[in-house]
Amino acid sequence: MSEKVCPSCGKTAKAGMKYCMYCGEKLEEKDEWFSEEKSEETQLESFHEAVEEISGKEEIPEDIKYQLELRTKLEELIGERSELTREIDRMMEGLSGDISIEEYRNKIKNLKNRVAELKKEEKDIEKLIKPLPLEKISKEKEELKARLDKLKEVYRSKEISNETFEKLRKEYEKELEDVKKRHRNEKDRVESWIAQLEKERKNIQETLELLYARHKTGELAEGEYQKKKEELEKTLNRTQISLENLRIEVRQWG
């Protein structure tokens, strides 16, 4: 894909991009990025091209994206359930003169039904959530360390010969070194995903600011602005949740 130079900052951008990913300068006069004639899919494609160009890293694998999406969905369900539970508590604290007891009972019943539905959805998602690779390798490393410790304990108690001890010690230590190497590589991999998501988050935040500026200058009508803003904020929230999950992974298993 050919490139073109931004007239403002002088940095290169992929052909087909309408605005510079570094400074936000418009790269061509026609077919603006926020034009109503452009589909949402095309806009998102341009945005992800910008993210890929900046990161210069391997894309996060689809199976990892799926696991992050499951964790994001689970957090959203838990958040919704917590809010509904608080609403039920507020309603049960007292009756309003503008609503009958029967209406209160029906509303509370509906809220409780929704809470039950959310709990079921949460359990269904929890069944699909699997440990991320860094966690699996970390547990494998700890198991090998425990095996070595147990071997030494058995040897000190003179339950096995020196020859048997040395043979198994070398075998376990070699396995442990291999696992440690895989662990370091996987940690580096996760940290590269974190860097990608941080850049993606920054991109979204900058796009939101550009969107606001276009709205304030009159380029975007209120309805169009609110729609695009809502979509970007939803993407931003999901990106932040994925980021936090990966950071927890590194803190806990790195």
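Since every read-out is calculated from the coordinates, none of them should be taken as a lab result. Quick caveat: nothing in here was measured; it's all calculated off a predicted structure. Methodologically, a virtual Cβ is constructed for each residue, glycine included, from the backbone with ideal geometry; neighbour enumeration extends over all protein chains shown.
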Would you kindly derive the ³J(HN,Hα) couplings of the range 242-249 from the backbone phi angles with the Karplus curve 6.51 cos²θ - 1.76 cosθ + 1.60 (θ = phi - 60°), listing them in order in whole Hz, with x for Gly and Pro? 4, 4, 5, 5, 5, 5, 4, 4
Per-residue HN-Hα couplings for the range 130-136 [Karplus 6.51, -1.76, 1.60; θ = phi - 60°; Hz; x = Gly/Pro]: 10, x, 6, x, 4, 5, 4
For R156 and D178, what is the calculated FRET efficiency with R₀ set at 25 Å and r taken between the beta-carbons, to the nearest 0.05? 0.45
Rounded to a whole number of µm²/s, how large is the Stokes-Einstein D of the range 71-172 at 37 °C and 0.692 mPa s, given Rh as the Kirkwood radius over C-alpha pairs? 175 µm²/s
Over 27 Å between alpha carbons, listed pairs K65/K123; K123/K187; K139/K167; K73/K202; K199/K229: K123/K187
Can you classify the range 102-254 as rounded, prolate or oblate using the Cα gyration tensor, where a ≥ b ≥ c are the square roots of its eigenvalues, rounded means a/c under 1.5, and otherwise it's prolate if a/b beats b/c and oblate if not? oblate
Given 10 °C and 1.306 mPa s, compute D for the range 62-130 with the Stokes-Einstein relation, Rh being the Kirkwood radius over Cα pairs; round to the nearest whole µm²/s. 116 µm²/s
